[in-house]
Amino acid sequence: MISQSGYIPIPIGSTSRSGYVSTLSSLFSRYLILFRMLASTTISSSIASLNQNKKNLGLYFALSCFIFGGIGLILNVIILTRQSLRSNPCSIYFLASTFANLFVVFTSIPVRFLTAGFNINATILSITICRLQYYTFWLSRALSSWYIVLASIDRYLISSTRTQFRQWSSVKVAYRTIAIVTIAISIAHIHVAIYFTINVTRDQDSNITSLTCNGQKGNYRIFAAFFHLTCYSVIPPLIMFVFGLLALNNIQQHGKLVVPTAQRRATITLVSKEKRKTDRQLLMMLILQVVCIFLSTTPLSAEHLYSTFTANFKKNAFKSAEDSLILTVVGNISFVAHCSSFYLFTLEMIKKGRTKSD
């Protein structure tokens, strides 16, 4: 029988109703499976893209630092070992920092190049290799910064108005101080050679996603992260900045001690102009030095803190790939401080010397 609306009514019994629900349930399940497949494909594609970006960044950045950093540091050695600079304590400190940077460029960067480009990571093969590699890597980076700290202190001493302070700026003191600092920093980093180990990272499904050489989980990893932040990224630049300002203040005090006479007034005016120009150059070099070291090393230390506090979190494959890419980025940035000393500081020093000679 046809209703007035023109539709044919279909009787819905219990059997037809259950069949209707079953059909809807089946369709929903199929759409859900299709959606999951599409989402899985999208996530897999995103993970692959992150990993490829990580590989490319690690390859090209490491290669650039190796070439340009190596050339610059070799030129540093040539310039700083000239006869005219051998008797300068500050040059000796810069030379010591250059040798530490040479180790970073010709050892640490090739290892990163092999790891990023060819997935060759020797640190996961043996705990001994893991500990030795990270100990030498952390130590060489720290020594590079602390030798520059000594150079900043030497600037303050040599510019002091007090004779007792100026006597501490000598080649003999420089070699002894370098030896003492090397031993002290080496001992301070000995915990890396004891407590670093091979850590296993798992995803939410308990599948192994990566093997990494890192500090032991727990309190030690927190300590190591804060140790790296303070002793590598914060304290050295802070000391450089403080003694740099003190050195500039000493230079200004020297100017105040000079009492001009009528015959020397014109000469003093020229000297004052040159001194102000030198002060500005020293201040700019100091600012570049501190900013370069602080900005290039702090992100890596901050990432170590983040990794430490999220070590026990269950992360999916995408999040793990994302964190790995971030680690690669900040790790590469940290090499800037060790590859750019010639281009930022030595060239400026040469330019300043030529300006004075002219």
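Things to note:
- Computed from the Cβ-Cβ distance with R0 of 30 Å, the FRET efficiency linking T230 to T81 stands at 0.35.
- With the simple model of a label 7 Å out from the Cα in the direction of the Cβ, F223 to S170 spans 4.0 nm.
- Model label zone, L132; criterion: amide N under 15 Å from point 7 Å along Cα-to-beta-carbon; scope the stretch 181-202: 193-194
- Note on L288 and I198: with the Förster distance fixed at 51 Å, the Cβ-Cβ geometry gives a FRET efficiency of about 0.85.
- Per-residue packing, averaged as other Cβ atoms within 10 Å, sorts the ranges 127-134, 109-116, 96-103 into the order 96-103, 109-116, 127-134, beginning with the highest.
- Residues of the stretch 166-203 with amide N under 11 Å of the 7 Å Cα→Cβ point at Q216: 194-197
- Nonlocal amide H pairs with C213, under 5 Å, H built at 1.01 Å: N199
- Karplus 3J(HN,Hα) series, Hz, for the stretch 151-156 with 6.51 cos²θ - 1.76 cosθ + 1.60 (x for Gly, Pro): 5, 5, 5, 5, 4, 5
- Across the stretch 70-76, coupling constants 3J(HN,Hα) worked out from phi with the 6.51/-1.76/1.60 Karplus curve, θ = phi - 60°, read x, 4, x, 6, 5, 5, 4 Hz, and Gly and Pro carry x.
- Label-point separation in nm, I71 to L59, each point 7 Å along Cα→Cβ: 2.2 nm
- Residues whose amide H lies under 5 Å from that of W168, counting only those 5 or more places away or on a different chain, are absent; hydrogens are built 1.01 Å from N in the peptide plane.
Each value in this text was obtained by applying a stated rule to the coordinates, not by laboratory testing. Everything quoted here is computed from the prediction, not taken from an experiment. Here the Cβ is made from the backbone with ideal geometry for all residues, glycine too, and neighbour counts use every protein chain on show.
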